[in-house]
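The values are calculated or read from the model by the stated rules, or taken from the named source; none is laboratory data. All values derive from a computational prediction rather than experimental measurement. Heads up, the Cβs are rebuilt from the backbone with ideal geometry, glycines too, and the neighbour counts pull from every protein chain shown. SASA here: full protein model, heavy atoms, side chains in, ligands and nucleic acids out. Shrake-Rupley method; radii C 1.70, N 1.55, O 1.52, S 1.80 Å.
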Amino acid sequence: MSEIRRPFATVAIALGSIVAGACSPPPAPTIAPTVVIAPFVRDSGTLAVRCGALIDGIGDSPQRNVTVLIEGGRIREVGPDVRVPPQVPVLDLSDYTVLPGLIDLHTHLNEGPEDTADLSVFLHRTYEEAAERGRRKAATTLAAGFTSVRNVGTYLGGSTVALRDEIAAGTVVGPRMQVASFYLTVPGGGGDLLLPGVAEADIPAHLRMGVARGAEQFRAKAQQAIDSGADVIKIIASGAVLAYGGVPGEPEMTPDEIAAVVEVAHRAGKKVAAHAHGARSIKEAILAGVDTIEHASLMDDEAIRLAIEHHVALLMDVYNGDYIETEGRRLNWPKEFLDKNLATTEAQRQAFTAAHRAGATIVFGSDSGVYPHGDNARQFKIMVERGMTPIEAIRAATSLAADTMDWSDRVGAVVPDRLGDLIAVRGDPLADITVLERVEVVIQGGLVLKLP
């Protein structure tokens, strides 16, 4: 068999291609360094990975000195005595901890923090510009070890669908993706791009595709989002932090409007993600049938109880408040945004602790795009500080996240028949969760996309 004892190819994730640059190879037998130019065949890799430690995404304890055999993009066998066929290359990660590829269920890959200081940039941004930004940010996210994400909307809704399809086709390198298209929101709500000093008539219609009022209009908008290719429907049930005029604790959509969206989405086999900060909006959204609550900053005990009873997962972006308070303030973000962030950050973290203690399902959703893409793993530290054990935080970003997006047959765990998505870090994330901020190896569908 060919064995990679030390990496002899440095692999960089680049826009539209996987680039491998050769160094001096060890004596034969070796695997010749290759350059794979997109389009490439995704999920086609055959590889054996020797793991010093393996956190499989399901169990409580690491497995030691096991081999993961990937054939044709899928995991075929995991264990200490795996027989590796002679023609299969072996990647020696005996000095590393190997984990499933991480999953972030709340990202905005077509946006970035550089947009927030002046939201008027969206008035002039083209779909191609949004797509190009998305390609770069997707590559950065994948390099950080997040091999699957939900891209939960943008003002230029079609750009999320296009990015998902490019990645799926192998013309762009990036995480596997479920996407929302445009936000469903009331006029002037948290997903409506109304700006101080800009006349409503001057806001392009394509930036307000999801604006509706009343159950029938929201029903039609939900169907429009599904017809445009959305995998998940994103509603803005309460006010938002990074939008003008709204109050995060106050409802914006009514229960009837939320229920209308849920009816259309569930009939089509799609899930509904509800942006909801305030306790009332959280409870109304859960009772209307939504599948996930995003943010949940001002959740009370009753809301936690309802989330548990109705099996609704919580996605609580408990890191990005630090970024807003430091970098957002330094970059002169609007005072309204900074004030609302202060009013929700600590409250959200206390709610996170209470929800976890009560047994609610909390999965990893970071709101990347509020802070720089690629820094997603910084949230793990806050999750652990606020009550989770390291293994619970890891499962929130692996097997539990996969269950929430109905992809537990594909990703989220290193077990036979799932896709060969692995990452590796030096050190033990169960002793120091911050090592996940420094992912050195990324494998997706058995293809090695990043090495030290």
For this session: Taking the Cα atoms of the range 205-254, report the difference between the largest and smallest coordinate on each principal axis, in whole Å and largest first.
Result: 31, 22, 21
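Around GLU200, with a cut-off of 12 angstrom between Cβ atoms, what is the net charge of the other residues, counting Lys and Arg +1 and Asp and Glu -1? Kindly include the intermediate steps, with their values, before the conclusion.
Numbers: positive: ARG208; negative: ASP192, ASP202.
With Lys, Arg at +1 and Asp, Glu at -1, the net is -1.
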Problem set entry | Area accessible to solvent at ARG305, 1.4 Å probe radius, in Å² | 110
For this session: Would you calculate, for the chain, the mean residue ellipticity at 222 nm contributed by helices, counting each DSSP H stretch of 4 or more residues as -39,500 (n - 2.57) and dividing by all residues, to the nearest 500?
Result: -8500 deg cm²/dmol
Exercise. Got a sec? What order do SER148, SER408 fall in by accessible area at 1.4 Å, biggest, i.e. largest, first?
Worked result: SER408, SER148
For this session: In whole angstrom, note down how far apart the Cα centers of the range 187-204 and the range 240-270 are.
Result: 18
Exercise. If you rank MET177, MET209 by how much accessible surface each has, with a 1.4 Å probe, what is the order from largest down?
Worked result: MET209, MET177
Exercise. Does anyone have the angle between helix 215-227 and the longest principal axis of the chain? Alpha-carbon axes, 0 to 90°, nearest 10?
Worked result: 20
For this session: With θ set to phi - 60°, apply the Karplus curve 6.51 cos²θ - 1.76 cosθ + 1.60 along the range 366-375 and write out the HN-Hα couplings as whole Hz, x wherever there is a Gly or Pro.
Result: 9, 6, 4, x, 5, 10, x, 4, x, 9
Exercise. Per-residue accessible area for TYR155 at 1.4 Å probe radius, Å² rounded to 10?
Worked result: 20
Seminar exercise, completed: Correct semi-axes for the range 81-201, from √(5λ) of the alpha-carbon gyration tensor and rounded to whole Å with the largest first, are 38, 14, 12
Problem set entry | For THR254, distant residues with modelled amide H under 5 Å away | none
For this session: Express in Å², to the nearest 10, the accessible area of HIS310 obtained by rolling a 1.4 Å probe over the protein heavy atoms while all chains stay in place.
Result: 80
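Roll a 1.4 Å probe over the protein chains and send me the accessible area per residue for the chain in Å². Let's see the in-between values first.
Numbers: 16620 Å² over 452 residues.
Ligands and nucleic acids excluded, the result is 37 Å² per residue.
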Exercise. Under 5 Å between amide H atoms, partner at least 5 residues away or on a different chain: which partners does ARG74 have, H built in plane at 1.01 Å?
Worked result: GLY420
Problem set entry | Degrees between helix 335-358 axis and first principal axis of the chain (Cα, 0 to 90, nearest 10) | 60
Exercise. Long-range amide H contacts for ALA313: which residues qualify at under 5 Å (H placed 1.01 Å from N, peptide plane, sequence gap of 5 or more or a different chain)?
Worked result: ILE293
For this session: Whenever you get a sec, compute what percent of the accessible area on the chain sits on carbon and sulfur atoms (1.4 Å probe).
Result: 52
Problem set entry | Note, ³J(HN,Hα) from phi for the range 413-426, Karplus 6.51, -1.76, 1.60, rounded to Hz, x at Gly and Pro | 7, 9, 9, x, 5, 7, 5, x, 9, 10, 10, 9, 9, 7
Problem set entry | Under Karplus coefficients 6.51, -1.76 and 1.60, residue-wise ³J(HN,Hα) of the range 116-126 in Hz, glycine/proline x | 6, 4, 8, 5, 5, 4, 5, 5, 10, 6, 8
Exercise. Tally Lys/Arg at +1 and Asp/Glu at -1 over every other residue whose Cβ is under 13 Å from the Cβ of GLY246; what's the total?
Worked result: -4
